[in-house]
1. Take the stretch 537-592 and flag every residue that is in contact with a Phe, Trp or Tyr (Cβ under 8 Å, 6 or more places away or on another chain) and of a type in the set (Ser, Thr, Tyr).
2. Where in the stretch 334-449 are the helices (runs of 4 or more DSSP H), entirely inside, with at least 1 residues that are in contact with a Leu (Cβ under 9 Å, 6 or more places away or on another chain) and open to solvent by 30 Å² or more (accessible area, probe 1.4 Å)?
3. Could you please find all residues in the stretch 578-613 being touching a helix residue (DSSP H, G or I) at 6+ places or on another chain (Cβ under 6 Å) and of a type in the set (Val, Ile, Thr)?
4. Quick one: which residue in Ala285, Ala344, Ala303 is modelled with pLDDT of 95 or more, closer than 23 Å to His139 by Cα and not basic (Lys, Arg)?
5. For Ala572, state whether it is touching a residue at least 60 places away in the same chain (Cβ under 8 Å), over 26 Å from Trp473 (Cβ atoms) and under 24 Å from the mean Cα position of the chain (by Cα).
6. Determine the pairs where a residue that is under 20 Å from Glu398 (Cβ atoms) and open to solvent by less than 40 Å² (accessible area, probe 1.4 Å), located within the stretch 67-89, has a partner that is basic (Lys, Arg) and assigned to a loop (DSSP other than H, G, I, E, B) with Cβ atoms under 9 Å apart, the partner being 6 or more residues away or on another chain.
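The values are calculated or read from the model by the stated rules, or taken from the named source; none is laboratory data. On a predicted model such as this, the values are computed, not experimentally measured, just so you know. Here Cβ is always computed from backbone atoms with ideal geometry, including for glycine, and neighbour counts include all displayed protein chains. For the accessible areas, the whole protein counts, side chains as well, though only heavy atoms, and no ligand, DNA or RNA atoms are used. Shrake-Rupley method; radii C 1.70, N 1.55, O 1.52, S 1.80 Å.
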Amino acid sequence: MSGPHHKPKVSEREARQVAEAAREQDWRKPSFAKELFLGRFRLDLIHPHPMPATEQAQRGEEFLAKLRDFCETKIDGALIEREARIPDAVIDGLKEIGALGMKIDTKYGGLGLTQVYYNKALALVGSVSPAVGALLSAHQSIGLPQPLKQFGTPEQKETYLPRLARTDISAFLLTEPDVGSDPARLATTAVPDGDDYVIDGVKLWTTNGVVADLMVVMARVPKFEGHKGGITAFIVEAGSEGVTVENRNAFMGLRGLENGVTRFHQVRVPAANRIGPEGAGLKIALTTLNTGRLSLPAMCVGAGKWCLKIAREWSSVREQWGKPVAAHEAVGAKISFIAATTFALEAVVDLSSQMADEDRNDIRIEAALAKLYGSEMAWLIADELVQIRGGRGYETAESLAARGERAVPAEQLLRDLRINRIFEGSTEIMHLLIAREAVDAHLAVAGDIIDPDKTLGDKAKAGAQAGVFYARWLPKLVAGPGQLPRAYADFHPAGHADLATHLRYVERTSRKLARSTFYAMSRWQGRMETKQGFLGRIVDIGAELFAMSAACVRAELLRTTEAHGREAYQLADVFCRQSRIRVEELFGRLWTNTDDLDRKVVKGVLSGTYSWLEDGIIDPSGDGPWIADATPGPTTRENVHRPIR
């Protein structure tokens, strides 16, 4: 057995094996997005648009009304930005109205909201203060309530969920100073000792960690007799002896975020506090994120709505060359992009959330696509708003107010949104994660062919299986409803924009996407996983097709149930036309790109070949270590843990 504080040394292959073992292996329920990547446009899985039960909707609307009043009267977003801290009174107020327990079952004292209404609540809170939205999201989406709900014992639920619903803030601790999206190198250990585990290690970027009462901690249990070992999830009381919050981190945005560095030194945790079996920690984390990821794009929807409001109001009063700036095509195109994309983002989040509530479909890819697409597009929306506002977009809200103008925090929103492309899975990691799920069917039948560890006999058997699969699958990628002029006619009602043509495009393009993936697998085989540029574009095409599908289905829902059907059809039509341009560009870049040249340049940069290009500047960052020392041991720092009571 390695020493309890041994830092794992793992190869690339071993790291991939750890990640592969943690992902859900089976597809027990249908998945619209998975089928889309396989060239099968299963509109029946999302249309008619699923709807919440009347009682669920009523309970959700009642809480949203209470939350709106609280946000309008009790949360001062400018104060939080200025002081870089959420006032204790705000957090106490959120506890009083039950906001900590939005997703916790009513039998444990929670509100029992659906995913749809939980997301609407986060969008509402995030619009007044993204930092408050992040606190609530980290507590419930990735914090202790969700893994307890899915994997906790009855005793754990009875003990902790009532606390989490009303009084206790939770945090999720996985990342370490030298470990990000590669958990195979996790260094924090949990060594069994009688009826306890003893945890040692350092965790970084612990959102809510500074104020947390309860934490989910991922630690590696050594493998030895009687213990399976592996990365394991534990419930840890934040006030336990040996737990020290050594730093409250400060960031580019989300200035009220209670995010820190937490050290564990000989922290004793009862075995009863282990969530699931030893070695199940990563699977628990990934399963929790399947729906937990939807909270982030939900707040992106709120950001899009606010950007649209400001763009509309500002662009109608600001005049240039004798007319409002909105009347100039260069600005108008930006406003159209903001409106259409916000409509599509809300469609994606609401559809994915409702499917999560119904639990009829496997939404692991849909949720990941929503996170990827929402974070990227919301950033572009905010950037366009800053551009529309011009110099005022770059000026802080406090400065605007000081000289007598409306305090529009456009530059703050840009800073606040930037993190969404990084945390809960960076865009680059999301590309790889989604690509792995998208090609799962191929690897299931042909994976052994490209696995270097398999025998010739195994490869021959896999080849035969693959031959049968592709003989049935490939012919279906040649033609389909997308070629039929009257297909999806329900989406072209009289007097409305023609969305049927866009659905036909999605059907045709999904088959083209599947053909491109198959061709790439045939061409690169085992090297396919190294073609991250190609895989990223494949995923981005799939994201656009999913967003187009969701936008069309939402427009039809609004046409049949609400008063804005015609306008919804217009927005969906414009979004689909904009999206199709992006899709065609991505297809062009699948095979015409600079990926090979980029790799050569990177080698040159790292070897110092181009270091002369860095001449003529001064580096203000100093000469400190790139990664802080995280050697386990007693703390030498003051404990800045600040529980709110």
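1. Ser549
2. Details: elements: 364-389, 391-394, 397-402, 410-418, 427-438.
Because the criterion is at least 1 residues that are in contact with a Leu (Cβ under 9 Å, 6 or more places away or on another chain) and open to solvent by 30 Å² or more (accessible area, probe 1.4 Å), the helices (runs of 4 or more DSSP H) in the stretch 334-449 that meet it are 364-389, 391-394, 410-418, 427-438.
3. Result: Val583, single match.
4. Numbers: Ala285 fails: modelled with pLDDT of 95 or more; Ala344 fails: closer than 23 Å to His139 by Cα.
One residue alone meets the criteria, Ala303.
5. So Ala572 passes the test.
6. As it stands, the answer is Ile80/Arg255; Glu81/Arg255; Ala84/Arg255, since those pairs meet every condition given.
Okay, residues lined up against (1) more than 33 Å from the chain's Cα centre (by Cα); (2) among the β-branched types (Val, Ile, Thr):
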{"residue": "Asp383", "(1), (2)": "no, no"}
{"residue": "Gly404", "(1), (2)": "yes, no"}
{"residue": "Ile419", "(1), (2)": "no, yes"}
{"residue": "Asp440", "(1), (2)": "no, no"}
{"residue": "Ala444", "(1), (2)": "no, no"}
{"residue": "Pro475", "(1), (2)": "yes, no"}
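For (1) touching a Cys at 6+ places or on another chain (Cβ under 7 Å); (2) of a type in the set (Ser, Thr, Tyr); (3) open to solvent by 80 Å² or more (accessible area, probe 1.4 Å), each residue gets a yes or a no:
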residue: Glu544; (1), (2), (3): no, no, no
residue: Ala547; (1), (2), (3): no, no, no
residue: Ala551; (1), (2), (3): yes, no, no
residue: Ala555; (1), (2), (3): no, no, no
residue: Val574; (1), (2), (3): no, no, no
residue: Arg577; (1), (2), (3): no, no, yes
residue: Trp591; (1), (2), (3): no, no, yes
residue: Gly616; (1), (2), (3): no, no, yes
